Structure formats: structure tokens, C-alpha cells
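S.K.: Sharing a structure with you now.
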Amino acid sequence: MLLISTRNSANILDPLSAVLKGIADDGGLYVPSSFPVLSEDMIEGMKGKSYQRIAADVLGMYFEIDDDKLARMTEDAYSGFSAKEVVPITELNDREYVMELYHGPTLAFKDVALQLLPRLMSEAISASDQAEDVMILTATSGDTGKAALEGFKNVPRTKICVFYPEEGVSDMQRLQMVTTEGNNTYVAAIKGNFDDAQTAVKQVFTDAECNKKINESGYVFSSANSINFGRLAPQIVYYIYGYVRLLEVGRIKYGDKMNVCVPTGNFGNILAAYYAKRMGLPIGKFICASNQNNVLTDFFDSGTYYSKRQFFRTISPSMDILISSNLERLVFEALSRDSVSTAALMKELKQTGAYNLKDATRVGLNGDFYADFCDDNATLDTIRRVFNKYNYVMDTHTAVGQAALEKYLAHTDDPNPILLASTASPFKFASDVLKAISGETVEDAFEASERLANVSGLSIPRQITELNWKQVRFKDVCERTEIDKAVFKFAEQ
Ligand SMILES: *Cc1c(COP(=O)(O)O)cnc(C)c1O
């Protein structure tokens with residue numbers, strides 16, 4: 001298994017080296033040179049296996065790591081999850097299944113990948129002969145940052161720097177990040193929104209001068225954002241696992257299609273599902289759900305990606321994104337893996353804020369993808385309806401997915417079961433969830449969590465209560481042009 005860059009298919013690298021590197025020198029993203037094949041026998045053979053075991057099977061198709069070692073890595077990675085099944089699946093009815101990806105240390109789905117990535121990174125460092133340690137640079141819309149900090153804290157030979165938009169994350173998300181422990185962690189707010197933070201980090205990451213300087217301090221840059229192939233691979237696992245569980249309970253038989261619905265921001269999570277399909281998993285439709293920042297809905301409807309639009313802050317902040325970096329990987333596939341055309345479109349995006357797919361390409365995508373979006377009112381309304389009907393509590397992001405799923409069901413007679421990716425614990429966004437289900441307005445996140453526990457009968461996750469007494473360690477606020485200074489200062493500590 002080798003990886004190639006979306007912007008130059010002659011740019012080839014082995015997967016562990018790509019984990020270290022993050023992004024290709026040509027600015028492209030690493031993708032498999034061809035997809036490993038998941039056969040019927042393999043999928044049938046996964047019945048009865050644990051999540052950890054299935055994860056080792058799937059990762060072994062991408063990474064050259066001994067099976068024993070991989071099995072240990074996946075055991076360790078998921079030992080901190082509070083659910084025994086790692087990603088429990090709840091049946092709402094015989095068409096709608098919710099896969100809860102949020103039982104990890106930071107209560108968001110990103111833990112599934114970010115508990116594993118540092119282990120892959122350590123493996124990559126020891127497999128390489130590189131003398132420098134790794135400096136992880138991360139821009140976050142809220143959840144990545146904390147999940148990356150938890151994954152990398154105290155991991156030898158790494159340091160991690162996280163930048164979050166000053167006004168783009170929830171109180172709970174901010175508190176989670178600024179109270180992070182660990183001897184190799186740094187967190188700062190950045191003036192601007194998520195796209196500003198991501199652009200600023202990407203700039204430092206790719207700048208030759210910055211790279212030279214960080215090398216002199218004894219580091220190389222790498223990334224924990226979902227552009228890193230090491231983030232993507234662990235996310236493929238749960239779609240395969242979900243299919244296997246539906247097989248086990250007899251809801252489907254091998255070959256029957258399952259649809260997936262994913263609340264989407266940077267297009268990483270849903271892309272992992274698409275990769276599972278390319279490996280051979282029988283997936284029908286991908287339902288791509290967006291909030292009011294509906295750049296992806298428009299893209300799938302019109303073939304035009306238009307990022308120069310009004311930016312909305314919503315109650316699903318982890319999806320407040322106008323430049324979905326991982327879409328580049330899908331565009332590469334849609335263009336029949338033509339890296340020259342992909343590079344040209346991405347250049348156009350950078351220069352003009354937009355690009356346009358030819359009709360045939362767009363129509364090809366629409367066979368696989370259905371896209372829809374909803375605003376905050378519809379999100380709250382969905383949380384309330386689902387709670388009243390099923391006594392089931394969804395967070396604001398998952399509810400955006402549910403709203404798109406319902407629109408899809410209303411306009412087709414597609415009988416396939418739909419697996420909805422539930423991406424965050426409702427307690428992470430307690431004020432809004434509480435408002436939706438009981439009508440109460442409680443601003444304070446902790447009070448809201450307590451009320452939510454009372455109203456729903458769920459218990460407050462330990463990760464929330466402990467924020468009450470944890471010390472705030474990080475208070476810096478940077479201009480976007482100054483993050484390089486902050487990084488170099490931290491490197492010297
Ligand atoms: C990151 C995140 C998303 C979006 O995932 P992408 O992989 O960026 O599409 C959705 N929901 C939550 C809660 C998240 O943290």
C-alpha cells in the first residue's frame with residue numbers, strides 16, 4: 001500500500017511517512033494509490049469480533065505494522081472509551097440507526113481517530129531515521145483541538161500546539177482545551193473564525209522559512225487535522241463495524257446496501273465512509289448534512305464550490321466551515337484520479353474562492369451523494385422531535401444529520417437502513433440541547449448539564465464535571481499573523 005498526492009500522482013510515499021508529514025510538499029493530500037479490497041469473506045469473518053479487533057484488521061490493510069502490535073495499539077487507543085462496544089449503535093426504528101462515536105475522552109467523534117493517530121505517529125518516528133521530534137500544529141473549530149491534545153499529551157518526541165478561533169467555540173469546548181494537562185501542550189486563541197485559523201496554520205506549515213526555523217529548533221511540523229491520512233484511516237473502521245453489526249442483528253444480509261448520514265464540516269468523516277465503499281463495503285447513499293454554512297449542499301446540487309459567502313456562527317460550531325479541506329480527496333476521485341486537474345481546481349479555489357465541476361463529473365457524484373442542510377431553528381426542532389418520539393437525546397451536530405436524513409426519507413422510497421454518525425455528546429452542547437427538549441434557557445454550561453441530566457435521565461459524563469475544578473493553563477490570544485512567533489517560542493521551551 002502506497003499513498004500518492006492529490007496534486008501530483010508521481011509524488012508517492014508510504015503510509016507511515018505520510019502520517020509524519022501530514023500534507024504533501026505540493027500542497028496536496030495523501031490518498032491511497034489504490035484501495036485495498038474488503039472481500040465478502042473478510043466482512044462475514046468480522047461478525048462477533050470486537051471493535052478493537054476489526055480496527056486492527058482494517059488498519060492492517062493500510063499500514064505495514066505487525067498484527068500483534070496493531071492489536072495492542074487499538075486495544076490501548078480505545079481503553080479510555082466509556083462504552084464497552086466503543087461505538088454503540090442505537091436503533092430508533094428499522095430504518096434509522098444512530099452510531100454513537102462520542103464515548104471517548106473528549107466526548108466527540110474525533111477521539112476515535114485521535115486516540116490512534118499518536119500511536120501511529122510514534123510508530124512512524126521510530127520507523128524513520130529522523131533525528132528531529134514532531135511539532136503538531138492544529139487549527140480547530142472546537143473538537144479537534146481537545147481531541148488532539150488528549151491524544152498527544154505526554155507522548156514522547158512530540159509537542160502539540162492548538163489554535164482555536166476566539167469567538168468560534170463553545171464555552172465548554174474552550175474550557176476543555178485551556179485546562180489541558182501534559183508537559184508538551186500549548187493552546188492559544190486566534191483572532192478570527194475557523195477558516196482564518198486554518199489558513200494561518202496552513203501558511204506556517206507550508207512556509208519554507210518557518211520549516212527551516214523549526215528544524216533548527218529540533219522539530220519537524222506535522223498535522224493532526226483531518227488532512228492527515230492517519231486521521232482518516234481509523235475513521236473508515238466504524239462504517240465497516242456498523243455494517244457488520246447490522247449483519248449480526250439480521251437487519252441486512254451481505255450485499256444489501258446500507259446508507260450513511262454524516263453531519264459534515266471538513267468532509268473528513270464522510271470521506272472515510274466513501275473510502276469504505278471504495279474498499280468494497282456495500283454502501284448506497286452518502287447523506288451529507290450541513291448547517292447554515294451550506295457550501296457543500298450547494299456544491300453537490302450545482303457542481304460549483306463557492307466559498308466566498310457569508311459565514312454564519314451556528315449552534316453546531318464544529319461544522320461552521322466554508323473551506324472543507326478533505327473535499328479535495330473526493331474531487332480527485334470524481335476527476336478519475338487526475339492529479340493535474342485536481343491541482344488546477346485547488347489553485348482556482350485559492351485564487352478566486354471558487355471552482356466548478358463539469359456536469360458529467362457532478363452527475364457522477366450525485367449517484368452517491370445526497371446533500372441537505374438546516375438552520376439552527378430546525379436543528380433545535382429536530383432534537384425536540386426525536387426526544388419526544390424516541391426518548392433519545394441528540395447533540396446539535398447529530399441533529400443536523402438527522403434533519404437531512406429525514407429530508408432524504410421524505411423524498412425517496414429507498415428502503416435501505418441508514419446509519420447516522422452521532423458526532424458529539426449532548427452534554428458538550430448542553431445549553432442548546434436543554435433549550436430544545438425542555439424550553440429552558442440556562443446559559444451556564446454546567447448548570448445546563450445538570451438540568452439536562454434531570455430532564456433526560458442521562459448521567460453527566462465525568463469529563464464535564466471535572467472541568468469545574470481544573471485549572472486554566474492557557475490564556476494567550478494571537479493575531480493571525482503572529483502564530484508563527486507563538487509556535488517558535490513554544491518550541492524553545
Ligand atoms: C468535527 C466535527 C464534525 C465535522 O466532521 P468533519 O470530519 O470535519 O466533516 C461534526 N460534528 C462534530 C461534533 C465534530 O466535532
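S.K.: Is it fair to say Ile214 is within 13 Å of the ligand (Cβ to nearest atom) and among the β-branched types (Val, Ile, Thr)? Can you show your working first?
M.R.: Values: within 13 Å of the ligand (Cβ to nearest atom): no; among the β-branched types (Val, Ile, Thr): yes.
So Ile214 fails the test.
S.K.: Conditions: (1) more than 21 Å from the chain's Cα centre (by Cα); (2) small (Gly, Ala, Ser); (3) within 16 Å of the ligand (Cβ to nearest atom). Ser141 meets all but one. Number of the miss?
M.R.: That leaves (1) as the condition not met.
S.K.: Further, regarding this structure: So, Ala24, is that one out of contact with any strand residue (DSSP E or B) (no Cβ under 6 Å at 6 or more places or on another chain) and either free of Cβ contacts under 8 Å to residues at least 60 places away in the same chain or among the acidic types (Asp, Glu) (or both) or not?
M.R.: On the way: out of contact with any strand residue (DSSP E or B) (no Cβ under 6 Å at 6 or more places or on another chain): no; either free of Cβ contacts under 8 Å to residues at least 60 places away in the same chain or among the acidic types (Asp, Glu) (or both): yes.
Considered against the rule, which asks whether it is out of contact with any strand residue (DSSP E or B) (no Cβ under 6 Å at 6 or more places or on another chain) and either free of Cβ contacts under 8 Å to residues at least 60 places away in the same chain or among the acidic types (Asp, Glu) (or both), Ala24 comes out as no.
S.K.: Now for a different question. Residues that are open to solvent by 20 Å² or more (accessible area, probe 1.4 Å) and of a type outside the set (Lys, Arg), at least 1 per element: which strands (runs of 3 or more DSSP E) completely within segment 1-58 meet that?
M.R.: Working: elements: 3-5, 8-13, 30-32.
By residue number, 8-13.
S.K.: Now for a separate question. Any residue in segment 455-464 that is part of a helix (DSSP H, G or I), more than 21 Å from Phe109 (Cα to Cα) and modelled with pLDDT of 95 or more?
M.R.: yes
S.K.: Given the criterion touching a helix residue (DSSP H, G or I) at 6+ places or on another chain (Cβ under 8 Å), under 30 Å from Asp432 (Cα atoms) and surrounded by fewer than 20 Cβ atoms within 10 Å (Cβ to Cβ), identify the matching residue among Asp372, Asp381, Asp368.
M.R.: On the way: Asp372 fails: surrounded by fewer than 20 Cβ atoms within 10 Å (Cβ to Cβ); Asp368 fails: under 30 Å from Asp432 (Cα atoms).
After applying the criteria, what remains is Asp381.
S.K.: Do you know which of the residues in segment 407-462 that are over 26 Å from the mean Cα position of the chain (by Cα) and among the β-branched types (Val, Ile, Thr) is surrounded by the most Cβ atoms within 10 Å (Cβ to Cβ)?
M.R.: Once the filter is applied, the top-ranked residue is Ile437.
S.K.: Could you please find all residues in segment 427-460 being closer than 19 Å to Val400 by Cβ and touching a residue at least 40 places away in the same chain (Cβ under 8 Å)?
M.R.: Initial filter on segment 427-460 (closer than 19 Å to Val400 by Cβ): 427-437, 452.
Selection gives Phe427, Lys428, Phe429, Ala430, Asp432, Val433, Lys435, Ala436, Ile437, Leu452.
S.K.: Taking into account only those residues within segment 140-166 that are in a loop (DSSP other than H, G, I, E, B) and at negative phi, which is modelled with the highest pLDDT? Write out each step before concluding.
M.R.: Taking segment 140-166 first, the residues in a loop (DSSP other than H, G, I, E, B) are 140-142, 153-157, 166.
Next, from what is left, pick out any that are at negative phi: 140-141, 153, 155-156, 166.
Working: Thr140: 88, Ser141: 76, Lys153: 95, Val155: 91, Pro156: 91, Glu166: 90.
My answer is Lys153.
S.K.: Another question about this same structure. Go through segment 318-336 and report how many residues are assigned to a helix (DSSP H, G or I), in contact with a Ser or Thr (Cβ under 8 Å, 6 or more places away or on another chain) and within 10 Å of the ligand (Cβ to nearest atom). Write out each step before concluding.
M.R.: Applying the first criterion (assigned to a helix (DSSP H, G or I)) to segment 318-336 yields 318-319, 327-334.
Next cut, in contact with a Ser or Thr (Cβ under 8 Å, 6 or more places away or on another chain) only: 318-319, 328-329, 331-332, 334.
Still in the running and within 10 Å of the ligand (Cβ to nearest atom): 318-319.
Number of matching residues: 2.
S.K.: Considering only residues that are out of contact with any strand residue (DSSP E or B) (no Cβ under 9 Å at 6 or more places or on another chain) and under 27 Å from Ser82 (Cα atoms), which ones fall in segment 118-154?
M.R.: Within segment 118-154, the first condition is being out of contact with any strand residue (DSSP E or B) (no Cβ under 9 Å at 6 or more places or on another chain), and the residues that meet it are 119-120, 123, 126-129, 131, 150.
Within segment 118-154, Arg119, Leu120, Glu123, Glu150 qualify.
S.K.: Shifting gears a bit: Tell me, yes or no, whether segment 208-225 has at least one residue that is among the aliphatic types (A, V, I, L, M), crowded, with 23+ Cβ neighbours inside 10 Å and modelled with pLDDT under 95.
M.R.: Checked against the condition, which is being among the aliphatic types (A, V, I, L, M), crowded, with 23+ Cβ neighbours inside 10 Å and modelled with pLDDT under 95, segment 208-225 yields at least one hit.
The values are calculated or read from the model by the stated rules, or taken from the named source; none is laboratory data. On a predicted model such as this, the values are computed, not experimentally measured, just so you know. Glycine gets a Cβ as well: all are built from the backbone with ideal geometry, and neighbour counts include every protein chain shown. In case anyone asks, the SASA skips ligands and DNA or RNA and just uses the protein heavy atoms, side chains included. Shrake-Rupley method; radii C 1.70, N 1.55, O 1.52, S 1.80 Å.
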